[in-house]
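All remarks here apply to the structure that follows.
The values are calculated or read from the model by the stated rules, or taken from the named source; none is laboratory data. These numbers were taken from a predicted model, which means no experiment stands behind them. Positions of Cβ are backbone-derived with ideal geometry, glycine not excepted, and every protein chain shown enters the neighbour counts.
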Amino acid sequence: MGSPQPIGIIADDPLQRHVLQHAISIYGYRVAANYDPGRLDPQLIEQAEAAQAWVVDLSDEERWSDALDQLLELTEAPILFGLGKAPGRNSIDYPRWERRLFTKLRELVGDPIDLSEHGESLGQLEAAEQQSRQVPLPSGMTPYSNQAPVERVVILGASLGGPAAVKAFLDCLPQGLPVAFVYAQHIDANFAGVLAKVLGRHSCFTLVEAAQGAPLRYGEVLIVPVERELVLDEQGRIQLKDTPWPGPYGPSIDQVMLNISSYYGARCHTILFSGMGNDGAIAAPVVQAYGSRIWVQESSSCANSSMPDSVAATGCTSFSGTPEELASKLVKTIELEEIEKRRQQRA
C-alpha cells in the first residue's frame with residue numbers, strides 16, 4: 001500500500017496554517033511540515049526535504065523574502081503560491097477554496113496516494129480477472145423484470161480505494177437480483193465513462209450514466225454525476241440540476257443519500273466502501289430514521305477506511321464486512337424480504 005504524498009506548509013498566520021493542515025489532510029495527503037516563516041531555517045527545510053510540494057501563504061511576502069530565498073535555494077519541490085486566505089469554514093466560499101487547493105496539489109504531485117498500488121489505475125482495473133465467487137440467486141426467487149417498478153434501491157458510496165472494492169462487490173452478485181443501485185464515487189468527471197465500462201466488465205449489472213428523466217431500473221447501477229446534483233421528481237425520475245453538489249466533494253454522498261431517500265424512504269439503503277474523509281456521516285442518522293439499513297466495508301479490507309469508519313462511528317450501521325461479505329449479506333437479506341413479502345401476500 002502506498003504512503004500519502006507529503007506536503008509542506010509555510011504561513012505567517014497561525015489560523016491559516018491550521019486550516020491548511022486540516023484541508024490537506026482531509027484530502028489524503030500527509031503534512032510533512034507546518035512552519036511559521038519567522039522560525040524557518042535551513043535545518044528545518046532539510047528535515048522536511050521529503051516534502052513533494054510546499055504550500056506557501058504569506059500576508060507580507062516582502063517581509064519574509066529571506067525565508068522564501070532559503071526555501072527556493074534548498075528545495076527542488078514545486079511551491080504553490082497565491083492560493084489566498086481561506087474563507088471561514090462555514091462560508092459558502094470555503095468548499096470552492098478547498099477544492100481549488102486540492103486541484104492545484106493534484107497538478108503538482110498527483111493523487112494523494114499512488115492509486116495504482118490499490119488496483120485503481122485504468123490499466124490494472126481493465127486487466128483484472130474476475131476473482132470474486134458469484135453468489136447464486138436463491139432458489140424460489142423470481143428474477144426481476146427490467147420494466148418492473150423499483151421497490152428496492154441501494155446507494156453505493158465510495159472514495160479512495162472505492163472502484164476496486166465496488167467492483168469486487170458487484171462481481172459477486174447474481175443476475176436477476178431485484179435491486180437498483182445508485183453509485184456515488186468521488187472521482188474525476190472525465191473518468192466516469194471509463195469507470196462504467198471497467199466496473200461492468202464481469203458484473204451481471206449494467207452500469208449507466210445519469211440521463212435526464214430516466215427512472216431507476218432493476219439490473220442497473222446508476223453512476224451519479226460528479227459536477228451536477230441529482231434528485232428524483234415526484235414520479236421517481238432523474239432530474240439533473242444546473243447547480244453543483246453542496247460541500248467540498250463531488251458528488252456529495254451525504255446529499256445523494258438524502259435525495260434518493262426522500263423518494264424511496266425505507267426502501268432505500270446505503271453501503272459505504274473505502275474512502276477518505278467523512279462523507280455519509282451527516283446523512284446516516286437521517287436515513288436511518290426512515291428505516292433504512294446502512295452497512296460499511298470493514299476497515300482492514302479498505303485502501304482508506306476513514307469514510308466507512310466515520311459512518312460506523314455514528315452508531316447507525318448494522319453490518320460490516322469485506323466487499324464479498326457485503327454482497328452475500330445483501331443477497332441473503334433480499335431473499336428473506338422476498339419470502340416475507342410472499343407470506344404477506346398469501347395471508
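Pairs are defined by a Cβ separation below 7 Å, a sequence spacing of at least 6 or placement on different chains, a first member in the stretch 86-106 that is of a type in the set (F, W, Y), and a second member that is surrounded by 15 or more Cβ atoms within 10 Å (Cβ to Cβ) and modelled with pLDDT under 80; the pairs so defined are F102/Y27.
Quick grid of which residues meet (1) within 27 Å of C302 (Cβ to Cβ); (2) modelled with pLDDT under 90; (3) of a type in the set (S, T, Y):
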site: Y144; (1), (2), (3): no, yes, yes
site: A148; (1), (2), (3): no, yes, no
site: L156; (1), (2), (3): yes, no, no
site: A164; (1), (2), (3): yes, yes, no
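Take P244 and decide whether it is of a type outside the set (S, T, Y), assigned by TED's automatic domain parsing to the domain that holds V135, free of Cβ contacts under 8 Å to residues at least 24 places away in the same chain and assigned to a loop (DSSP other than H, G, I, E, B). When the stated conditions are applied, P244 passes them. When the stretch 205-248 is filtered for residues that are of a type in the set (S, T, Y) and surrounded by 15 or more Cβ atoms within 10 Å (Cβ to Cβ), only Y218 remains. Return yes or no: is S328 out of contact with any Lys or Arg (no Cβ under 6 Å at 6 or more places or on another chain) and farther than 28 Å from P4 by Cα? So S328 passes the test.
Among the conditions (1) surrounded by 13 or more Cβ atoms within 10 Å (Cβ to Cβ); (2) at pLDDT below 75; (3) outside any helix (DSSP H, G or I), the only one that E117 does not satisfy is (3). H22 meets each of the listed conditions (1) touching a strand residue (DSSP E or B) at 6+ places or on another chain (Cβ under 6 Å); (2) without any contact (Cβ under 8 Å) to a residue 24 or more places away in the chain apart from (1).
Loosely packed, with under 11 Cβ neighbours inside 10 Å and not aromatic (F, W, Y), is that true of I79? No; evaluated as a whole, the condition is false for this residue.
Sub-7 Å Cβ pairs linking a first residue in the stretch 258-276 that is in contact (Cβ under 8 Å) with a residue 40 or more places away in the chain to a second residue that is of a type in the set (D, E), at least 6 apart or interchain, are R267/E151, ordered by first then second residue.
Considering only the stretch 24-78, state which residues are of a type in the set (V, I, T) and either part of a loop (DSSP other than H, G, I, E, B) or under 32 Å from the mean Cα position of the chain (by Cα) (or both).
Within the stretch 24-78, I24, I26, V31, V55, V56, T75 qualify.
Would you confirm whether or not the stretch 153-169 contains a residue that is of a type in the set (A, V, I, L, M, F, W, C), in a loop (DSSP other than H, G, I, E, B) and within 23 Å of S306 (Cβ to Cβ)? There is at least one residue in the stretch 153-169 that is of a type in the set (A, V, I, L, M, F, W, C), in a loop (DSSP other than H, G, I, E, B) and within 23 Å of S306 (Cβ to Cβ).
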